[in-house]
Amino acid sequence: MEYILKNGVVFDPKNDIDGEQMDIFIKDNVIVDKVSSKAKKLDVSGKLVMPGGVDLHSHIAGPKLSIGRLYRPEDIRKGIKPASKNDISGFEAGFSLPTCPTIGYRYTKMGYTTVTEAAVPPLEAKHAHEEINSIPNLDIPTLTLFGNNWFMLKYVKEKRFDDLKVFISKWLKLAKGYGIKIVNPCGSEAWGWGKNVDGLDDPEPHWGVTGREVIQALTEVNEKLGLPHSVHVHTNDLGHPGNYATTLETFDCVKHIKKNENVDRNQIMHCTHVQFHAYKGTSWRDVSSGASELIDYINKNDHLTCDVGQITFDETTTMTADAPMEYDLFRLTGLKWANKDIEVETASGLIPSIYSSHAPVSVLQWAVGLEFFMGVKDPWKIVLTTDSPNGGPFIRYPRIISWLMSQEKLQDMLDNEVHNWATNRTDLGTYDREYSWNEIATITRAGPAKILGLTDRGHLGVGAKADVSVYDIDVDKFDCTLKSNSETLENKLLNSKYTIKDGEILVKDGNIVKLVNSNHIWCNVLGLENEEKVLIDRIKPEFNKYYTIKYENYGVSDHYIQPESCIPVNYGGE
């Protein structure tokens, strides 16, 4: 199929196209420089045109969501929505924990085409890929949890880094994973003994390994393998007053590690939901923002990137492999709590969370997130996320964009809507920055694609995947800086005029008109097959000792994966 998107106002930061009125040509599933006379013309004159959205950190598939749906039926009821007559998507249900099909519908209507599931235990990877099969219309890379895995800890303790490299290569194949995820390194392992770790250098009780050792070892392995994405790190001490110091140490602890020359990204570490890791103080009584020190470090250093984890003032659900943190929340709030340990790989917890614009701590967290958006100078270093659903559901991205583009709206919230901790305990009130459409395209498309190492998307250059989003916004006439336009802007970004994925129109005028199967995006490291076989032969006796299932019953079968969704990584040796 051939299309011409006629006369749209295009924002494509990777190709330095900043609001240029132009045509976009699509043939089959890619962007091309010309099409035949038979191409179908779509008149999008003056409308906002960007690449398909790329979310590099969300929670959309796996055991945490399934448990959450079971123990929070009130959340499912909150989001019930019957299909409209013009929409083929079907019944929707769920707010912070939507059903699998609903996840696909809502992202697609927002113009997103790629969404990363950010935390999959290897043992539960089959579960996650089963759920991906029920989510339509997205490309979905999954990040595999390694930061508390017993084999990893054993190899780090014994300094067997070659074995660790081979282990990561093989385990990504087994889990059909895209990259390395580290959550509260050593802390979730300590949770198995009823404990946590404090900071980077507090050893967990069983192996005696520290978070610093884990992060450095896995970063070295990531670069030696040449994985397209860097390590993806949820740092220690999440949500604790005073944790900004641990975050600064984490930023700096890998600075000496050399980046693989063959990868497209710039960073060797991506720190996720940084807002939750940016607090000063000794308790919730004297807590204040620690964002300014972290922002200064990010601005001065190029070896790391971050996403925000923005708070959105909703009743939502927190879920994370940082199980001891969830227990801390339970003790703090008394809300119902679920805990799940994944044998010798990781742990997880869930608890409802109510973020209120009148609650001092909620407002502080909200303001800290916006400080990062306002203070990080280079938009290629920062990404729009809510750590969905932890800070709020992903359907709030358009609302956050309305805050970023209107200083008038943001100032009105500071003056009239939120608790005074936003101005008394953070620097948010000192900023007067307003995001442009080019910067929005960077933090929601071009930047996350580059950080993930997905070179075929996040832009509209010739040869790119034909993933395009068009919004019913007349760029030259609609003033995003006006507070009075904020609600309209949010609604238009929630319901795209067109969402095109792989050259197929999936959304037209806010209605889903086509459903396609999602793709499971994963990395296959080539060149270590013999070493992997030797390692597995050696590991099987230990595997059978540590796990309740046999190695032969472990892993994700190949029938889940389409050949085109596998990204080969050629290991060139050291």
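Here are some notes:
- Computed from the alpha carbon positions, the gyration tensor of the stretch 256-333 leads to an equivalent ellipsoid with semi-axes of 29, 17, 12 Å, biggest first.
- Estimated distance in nm for a label pair at Ile354 and Glu158, the labels positioned 7 Å out from Cα along Cα-to-Cβ: 5.1
- Protein heavy-atom surface of the stretch 177-233, 1.4 angstrom probe: 47% of the accessible area is carbon and sulfur, with nucleic acids and ligands not counted.
- Each Lys and Arg Cβ is given +1 and each Asp and Glu Cβ -1; about its Cα centre, the chain then shows a dipole of about 1100 debye.
- Taken over the C-alpha atoms, the stretch 501-571 has Rg and Dmax values of 19.0, 57 angstrom.
- Filtered chymotrypsin sites (Phe, Trp or Tyr not before Pro), the stretch 167-261: DSSP coil and at most 16 other beta carbons within 10 Å: Trp193
- 20 °C / 1.002 mPa s Stokes-Einstein diffusion coefficient of the stretch 384-450, Kirkwood radius on C-alpha pairs, µm²/s: 162
- The stretch 347-499, accessible surface, carbon-and-sulfur percent (1.4 angstrom probe): 44
- Three-way shape label, the stretch 456-527, alpha-carbon gyration tensor, a/c 1.5: prolate
- For the chain, the per residue solvent-accessible surface stands at 36 Å², with DNA, RNA and ligands left out and a 1.4 Å probe.
- Only helices enter the 222 nm calculation for the chain: every DSSP H run of n ≥ 4 contributes -39,500 (n - 2.57), and dividing by all residues gives -9000 deg cm²/dmol, rounded to 500.
- Rounded to 5, the percent of DSSP beta bridges in the stretch 474-574 classed as antiparallel: 55
- The convex hull of the Cα atoms of the stretch 446-574, projected and averaged over all directions, covers 13.8 nm².
- Secondary structure note: in the chain, about 55% of the DSSP beta bridges are antiparallel.
- This model, with +1 at the C-beta of Lys and Arg and -1 at the C-beta of Asp and Glu, gives the stretch 163-305 a dipole about its Cα centre of some 540 debye.
- The stretch 1-124 pair-distance distribution - Cα-Cα, 10 Å bins, rounded %: 11, 29, 28, 21, 10, 0
- In the stretch 281-349, trypsin sites (Lys or Arg not before Pro) in a DSSP loop with at most 11 other beta-carbon atoms within 10 Å: Arg285, Lys336
- Within the accessible surface of the stretch 57-100, defined with a 1.4 Å probe on protein heavy atoms only, the carbon and sulfur portion equals 65 percent.
- Gyration tensor (alpha-carbon) shape descriptor, the chain, a/c threshold 1.5: oblate
The values are calculated or read from the model by the stated rules, or taken from the named source; none is laboratory data. Not measured: the values here are computed from a predicted model. A quick note on method: Cβ atoms are made from the backbone with ideal geometry, for glycine too, and the neighbour counts reach across all protein chains shown. With ligands, DNA and RNA removed, areas are computed over all heavy atoms of the protein, side chains included. Shrake-Rupley method; radii C 1.70, N 1.55, O 1.52, S 1.80 Å.
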